[in-house]
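Novice: Would you mind keeping the following structure in view while I ask a few things?
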Amino acid sequence: MNEMNELAARLLAEDAVKVVIGYEEGPVGVRPAFVTDPAMAGSLIFDSRCVQNLAVYLNPRRSHVAGLGKLAIIVKGCDAKAVAGLIRENQVRREDLVIIGVRCGGVARCAGTAAELTSETVADRCRDCGVREPSLYDHLLLPLPPPPPESTRREDKMAELAGMTAEERWAFWSEQMERCIRCNACREVCPMCFCVQCVAEKNQPQWIPTSPTLEGNVMWQMTRVMHQAGRCVECQECERACPSDIPLGLLNTRVARNVEKRFQYKASDDPNAEAPMGNYRTDDEEEFIL
C-alpha cells in the first residue's frame, strides 16, 4: 500500500477517525468512497480523475455523514479552499476533522476521463491554480507533480462574452438558462450551499418561481451565484454536474473576479482569512450608492 492507504488504515485502526472520505475506482470512473474498515483502506486512490470536491460531504445539510463520527477527508488544494470556507462560516469545526492534503498536478474535466491530461481533457479550474499544494492539512501526501497542461478554453470564452454587447450577452444567457430543468444538481454538489431551507423552496413569500421557465431559471441562477460571491472556490462542480451543460462556471468566475477587483480577496484555504461578505471596512469605495 502507498502512504495514503497506510495512513487511512492507521487512522481507522487506532480509532482516530471513524471514516475516511476519499476516492475509489467505480464502474464508470472514479467515485467518492467512505471507508470505515482498515482492511478496505487499500481501495483508496488519487489521480487526475479525482475531480469531485469531497468537501461537499462536510456540508451540514448532509447530517447522515456527520453521524458517522469523526472523519478524515482527502482534499486537493481547490477542495481545501471549500473546507476552509466551511470552517470560516462555522459550519464545521476544525477539531472535528483530520485533513489529508494531496499535492495535485491537475484533474480532468470528468471523472471518467483517462488519467493522462492534455489541454483538451484538463479541467478549466486548473489554469493558474495557486493551491496545487494545500496549506490546510494535518497530513500532506504525494510528491508534487508537474503543472497541468495549459488550456485557454475558459479565458477564451470569458473574453468572448466580455466583447459582446449587453443585448448579445442577454441572448446568450437566455439560451443557456432556457435549458435549465431546475433539478438542483448545481446546489446539491456545491459545498458552500448549506442553507437548511433554500430560498428557492420558500413559498411564503415566494421569491423565486419554481417552474423551469426562463424568468424563474434566471432568478434562481442569479440568486445562487450572488449568494456565492466571495465564497465560491471555483471548483466548477456545479457546471460538471449540470445535466443541461449550462456553463455555470462562467458566472461564478465573473463574480469571483469582481470580488477580487473590488475587495482584493480571493477564496483561500486559510480559514482565518476574512471574506468580504463577513468583514466590514470603512474604506470600501461604495461607488454604487447614489
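Novice: When the label point is put 7 Å from the Cα of E95 along its Cα-to-beta-carbon vector, which residues of the range 31-75 have a backbone N closer than 15 Å?
Specialist: Counting backbone N atoms under 15 Å from the label point, the list is 70-71.
Novice: How about the range 1-40: which GluC sites (Glu not before Pro) there are in a DSSP loop, with at most 11 other Cβ atoms within 10 Å of their Cβ?
Specialist: In loop regions of the range 1-40 (DSSP not H, G, I, E or B), the sparsely surrounded GluC sites (Glu not before Pro) are E14.
Novice: Using label points projected 7 Å from each Cα along Cα→Cβ, tell me how many nm separate R153 and N2, to one decimal.
Specialist: The answer from the label model is 2.4 nm.
Novice: Under a point spin-label approximation (7 Å from Cα along Cα-to-Cβ), what is the R62-S43 distance to one decimal in nm?
Specialist: The modelled label-to-label distance comes out at 1.6 nm.
Novice: Per DSSP H run of n ≥ 4, the term is -39500 (n - 2.57); total these for the chain, divide by its residue number, and report the mean residue ellipticity at 222 nm rounded to 500 deg cm²/dmol. Walk me through the intermediate numbers first.
Specialist: Working: 9 runs with 88 residues, N = 290.
Computed mean residue ellipticity for the chain: -9000 deg cm²/dmol.
Novice: Further, regarding this structure: How many percent of Cα pairs in the chain exceed 33 Å? List each step's numbers first, then the result.
Specialist: Working: 10176 of 41905 pairs.
So the pairs more than 33 Å apart make up 24 percent of the total in the chain.
Novice: How much length, in nm to one decimal, is gained on full extension between E188 and D283, taken as 0.36 nm per residue of separation minus their Cα-Cα distance?
Specialist: The E188-D283 span can extend by a further 30.6 nm.
Novice: Sorted from fewest to most neighbouring beta carbons within 10 Å, what does the list E155, E95 look like?
Specialist: Ascending number of Cβ neighbours within 10 Å: E95, E155.
Novice: If you don't mind, there's one more thing I want to ask. Considering the chain as a Gaussian network with a 10 Å cut-off on Cα pairs, which listed residue, Y265, Y137, Y57, attains the greatest mean-square fluctuation?
Specialist: Maximum fluctuation in the GNM of the chain, among the listed residues, is at Y265.
Novice: So if the hydrodynamic radius of the range 88-207 is defined as the Kirkwood radius over C-alpha pairs, what does Stokes-Einstein give as its diffusion coefficient at 37 °C and 0.692 mPa s, in µm² per second?
Specialist: D, rounded to a whole number, is 178 µm²/s.
Novice: Hey, what's the Cα Rg ratio for the range 3-141 versus the globular rule of thumb, 2.2 N^0.38 Å?
Specialist: Against the empirical 2.2 N^0.38 Å value, I get 1.01 for the range 3-141.
Novice: Near K18, which lysines are there with a Cα under 26 Å away, not counting those fewer than 8 places off in the same chain?
Specialist: K70, K76, K81
Novice: Write down the radius of gyration of the range 153-278 and its Dmax, each obtained from C-alpha positions, in Å.
Specialist: Values for the range 153-278 (Cα only, Rg and Dmax): 15.0, 42 Å.
Novice: Antiparallel as a % of all DSSP beta bridges within the chain, to the nearest 5?
Specialist: 45
Novice: Pairs of Cα atoms under 8 Å, at least six residues apart: use those to get the relative contact order of the chain, whole percent.
Specialist: That works out to 17 percent.
Novice: Grab the beta carbon distance between K18 and R179, set R0 = 51 Å, and tell me the FRET efficiency rounded to 0.05. Walk me through the intermediate numbers first.
Specialist: Working: r = 41 Å, r/R0 = 0.81.
The pair K18/R179 has a calculated efficiency of 0.80.
Novice: Who wins for biggest fluctuation among P32, P143, P60 in a Gaussian network model of the chain, springs between alpha carbons below 10 Å?
Specialist: Residue with maximal mean-square fluctuation among P32, P143, P60: P143.
Taken together, the values in this text are just the output of simple stated rules run on the coordinates, not laboratory data. Quick caveat: nothing in here was measured; it's all calculated off a predicted structure. Quick reminder, even Gly has a Cβ in these numbers, built from the backbone with ideal geometry, and neighbours come from all protein chains shown.
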